[in-house]
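Student: I have a structure here, written as structure tokens, and I will follow up with some questions on it.
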Amino acid sequence: MYRNLHFLHPEHQTVLLRTDYNVPLKNGIIENNLRIEKSLPTIQYLLNHQVKKLVIISHLGRPEGKVMPEFSLKPVAAELSRLLQREVFFAPETTGEATKQLISEAPDGTVILLENLRFHPGEEDNSLDYAQAIFDTVQPDCFVQDGFGVLHRAHASTDALPRLLPSVMGLLVEQEIENLKKVQENPLHPVLLIIGGAKVKDKSPLIEHFASLSDYIFVGGKIAADGFTSDLPQITVASDFTEDESGAKLDIGPKSLDQLIDLVLKSRTIIWNGTLGLTEKPPFDFASRIIAETIGAKNPAENLSVICGGDTTGFVENLLQNRYSDQPPLNFSLVSTGGGASLEFLIHGTLPGLEVLKSV
């Protein structure tokens with residue numbers, strides 16, 4: 001059993017919170033803030049329970065252990081402040097005396113966001129020394145893990161650090177696990193697995209795992225365009241494609257889209273991993289958009305839908321954020337914030353960053 005927030009008594013304590021603020025940034029502007037929004041329930045829970053101080057750590061991009069200003073979390077602090085409607089202090093370093101002083105001198109009830117964890121090589125190296133340095137700087141009483149998207153990695157903030165103090169999972173991680181477990185343990189049949197994207201080797205374990213659980217499996221994306229084949233009787237592979245002027249197959253075609261729409265309409269559990277076309281280059285986002293809208297229009301009380309995988313999640317998040325007020329809402333059981341993490345959990349039933357949160 002994983003320890004959740006109910007194991008914690010955060011009142012008048014300094015809480016260290018790990019979030020996943022790996023948001024798309026362009027010229028210092030956040031293009032999509034849904035990952036920040038999804039951290040708000042846990043933050044509000046902790047603030048409502050009168051924590052002494054709330055110190056947040058996260059990563060952004062892949063600076064590979066170097067300080068790279070374009071990956072600074074400073075814009076995230078500003079956006080978080082706007083969403084919370086309260087000041088969020090920003091510490092330009094994750095560790096060190098200046099950050100320690102900022103935290104110690106901040107008034108009770110303060111929210112503080114530290115700079116990008118990955119500016120230090122110790123984060124991705126799962127360095128105990130780096131974890132200890134964060135601990136010594138923040139001096140937290142407890143740790144809350146709410147960065148689901150990195151729980152498949154054994155990093156300092158997912159493995160070494162939570163071993164140093166009482167640690168639990170946050171509300172976002174709990175929600176992700178609950179919905180992924182429903183798919184694993186008690187899916188509503190018929191079950192449809194939609195596979196897209198480009199890398200067969202990344203998708204094959206998921207197809208193999210769900211071969212005995214799925215009633216239907218549909219394969220699209222570049223995998224299908226490159227000639228994917230399978231002997232499994234429940235697999236449908238896209239057979240026609242929309243091409244660009246050079247003849248490149250960049251989206252599934254109308255015949256295959258109609259086949260997939262039919263499968264979506266008659267399925268009650270849908271797991272979608274991998275976009276069906278080159279969604280960043282319209283009009284080759286057409287099939288993915290139609291399928292997202294078809295899934296999202298199904299009655300959430302009678303169906304289970306899980307969107308997972310970085311590209312797919314990002315595509316659906318953008319679709320949700322850019323819908324007009326007069327358009328009908330789209331409902332999904334889970335738009336996972338974890339690409340690799342959600343896949344790893346579906347296949348293996350646990351994650352390295354969850355194992356350290358198990359109750360004894």
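Student: Give Lys281, Lys249 a once-over and let me know the one that is of a type in the set (Lys, Arg) and modelled with pLDDT under 95. So that I can check it myself, show each step before the final result.
Tutor: Values: Lys249 fails: modelled with pLDDT under 95.
Selected residue: Lys281, the only one of Lys281, Lys249 that is of a type in the set (Lys, Arg) and modelled with pLDDT under 95.
Student: Which of the residues spanning the range 68-85 are closer than 17 Å to Gly147 by Cβ, open to solvent by 20 Å² or more (accessible area, probe 1.4 Å) and in a loop (DSSP other than H, G, I, E, B)?
Tutor: Once the filter is applied, which keeps residues that are closer than 17 Å to Gly147 by Cβ, open to solvent by 20 Å² or more (accessible area, probe 1.4 Å) and in a loop (DSSP other than H, G, I, E, B), the range 68-85 yields nothing.
Student: Val15 versus (1) under 13 Å from Gln145 (Cβ atoms); (2) β-branched (Val, Ile, Thr); (3) surrounded by fewer than 21 Cβ atoms within 10 Å (Cβ to Cβ): which is the lone unmet condition?
Tutor: Checking Val15 against (1) under 13 Å from Gln145 (Cβ atoms); (2) β-branched (Val, Ile, Thr); (3) surrounded by fewer than 21 Cβ atoms within 10 Å (Cβ to Cβ), the one that fails is (3).
Student: Name the residue that is surrounded by the fewest Cβ atoms within 10 Å (Cβ to Cβ), counting only residues in the range 302-311 that are at pLDDT 90 or above and not charged (D, E, K, R).
Tutor: This residue is Asn303.
Student: Okay, next question. Lys249 fails exactly one of the following numbered conditions: (1) crowded, with 20+ Cβ neighbours inside 10 Å; (2) farther than 23 Å from Lys182 by Cα; (3) out of contact with any helix residue (DSSP H, G or I) (no Cβ under 6 Å at 6 or more places or on another chain). What is the number of that condition?
Tutor: Status for Lys249: all satisfied but (3).
Student: Could you check the range 243-273 and list, in sequence order, the residues that are in contact (Cβ under 8 Å) with a residue 24 or more places away in the chain, outside any helix (DSSP H, G or I) and under 17 Å from Gly197 (Cβ atoms)?
Tutor: Hits for the range 243-273 are Lys249, Leu250, Asp251, Ile252, Ile270, Ile271, Trp272, Asn273.
Student: Got a sec? Which helices (runs of 4 or more DSSP H) wholly within the range 96-202 have at least 2 residues that are surrounded by 23 or more Cβ atoms within 10 Å (Cβ to Cβ)?
Tutor: Details: elements: 97-105, 128-138, 171-185.
Ranges flagged: 128-138, 171-185.
Student: Show the residue pairs that are 6+ apart or on different chains and have beta-carbon atoms under 7 Å apart, the first residue being within the range 5-22 and farther than 24 Å from Gly340 by Cα and acidic (Asp, Glu), the second being modelled with pLDDT of 90 or more and open to solvent by 10 Å² or more (accessible area, probe 1.4 Å).
Tutor: Glu11/His49; Glu11/Gln50
Student: Would you point out which residue out of Leu213, Leu232 is under 24 Å from Thr337 (Cβ atoms) and open to solvent by 50 Å² or more (accessible area, probe 1.4 Å)? First the steps, then the outcome.
Tutor: Working: Leu232 fails: under 24 Å from Thr337 (Cβ atoms).
Just a single option satisfies the conditions, and that option is Leu213.
Student: Touching a strand residue (DSSP E or B) at 6+ places or on another chain (Cβ under 6 Å) and more than 30 Å from Cys142 (Cβ to Cβ): does that describe Phe284? I'd like the intermediate steps shown before the answer.
Tutor: Details: touching a strand residue (DSSP E or B) at 6+ places or on another chain (Cβ under 6 Å): yes; more than 30 Å from Cys142 (Cβ to Cβ): yes.
So Phe284 fits the description; yes.
Student: A further question follows. From the list Val88, Val23, pick out the single residue that is open to solvent by less than 20 Å² (accessible area, probe 1.4 Å) and over 20 Å from Pro140 (Cβ atoms).
Tutor: Values: Val88 fails: over 20 Å from Pro140 (Cβ atoms).
Residue meeting the stated conditions: Val23.
Student: In this structure, is Pro254 modelled with pLDDT under 95 and open to solvent by 40 Å² or more (accessible area, probe 1.4 Å)? Give the derivation first.
Tutor: Details: modelled with pLDDT under 95: no; open to solvent by 40 Å² or more (accessible area, probe 1.4 Å): yes.
So Pro254 does not fit the description; no.
Student: Still on this structure, please answer the following. Within the bounds of the range 118-127, is there any residue that is under 23 Å from Leu47 (Cβ atoms) and either at pLDDT 95 or above or not polar (S, T, N, Q) (or both)?
Tutor: Keep residues of the range 118-127 that are under 23 Å from Leu47 (Cβ atoms), which gives none.
Scanning the range 118-127 turns up no residue that is under 23 Å from Leu47 (Cβ atoms) and either at pLDDT 95 or above or not polar (S, T, N, Q) (or both).
Student: Only one of Leu165, Leu102, Leu113 is more than 24 Å from Met68 (Cβ to Cβ), out of contact with any Gly (no Cβ under 7 Å at 6 or more places or on another chain) and not basic (Lys, Arg). Can you tell me which?
Tutor: Details: Leu102 fails: more than 24 Å from Met68 (Cβ to Cβ); Leu113 fails: more than 24 Å from Met68 (Cβ to Cβ).
On inspection, the qualifying residue turns out to be Leu165.
Student: A further question follows. Does Phe286 satisfy the criteria of being crowded, with 17+ Cβ neighbours inside 10 Å, modelled with pLDDT under 95 and over 30 Å from Tyr21 (Cβ atoms)? Step through it out loud before you land on a result.
Tutor: Details: crowded, with 17+ Cβ neighbours inside 10 Å: yes; modelled with pLDDT under 95: no; over 30 Å from Tyr21 (Cβ atoms): yes.
Taking the combined requirement at face value, the residue does not satisfy it.
Student: Filter the range 319-349 down to the residues that are open to solvent by 70 Å² or more (accessible area, probe 1.4 Å) and closer than 24 Å to Lys222 by Cβ and list them by number.
Tutor: If the condition is that a residue be open to solvent by 70 Å² or more (accessible area, probe 1.4 Å) and closer than 24 Å to Lys222 by Cβ, then Glu344 is the only one that fits.
Student: Also, I was wondering about something else. Considering only residues that are open to solvent by less than 10 Å² (accessible area, probe 1.4 Å) and among the polar types (S, T, N, Q), which ones fall in the range 26-67?
Tutor: Within the range 26-67, Asn32, Ser39, Thr42, Ser58 meet the criteria.
Student: Report yes if Leu188 is among the hydrophobic types (A, V, I, L, M, F, W, C) and either closer than 26 Å to Ile36 by Cβ or free of Cβ contacts under 8 Å to residues at least 24 places away in the same chain (or both), otherwise no. First the steps, then the outcome.
Tutor: On the way: among the hydrophobic types (A, V, I, L, M, F, W, C): yes; either closer than 26 Å to Ile36 by Cβ or free of Cβ contacts under 8 Å to residues at least 24 places away in the same chain (or both): no.
When the stated conditions are applied, Leu188 does not pass them.
The values are calculated or read from the model by the stated rules, or taken from the named source; none is laboratory data. Because the structure is predicted, anything quoted here is derived from the model rather than measured. Cβ atoms come from the backbone with ideal geometry, glycine included; neighbour counts cover every protein chain shown. These accessible areas exclude ligands, DNA and RNA; they are computed on the full protein's heavy atoms, side chains included. Shrake-Rupley method; radii C 1.70, N 1.55, O 1.52, S 1.80 Å.
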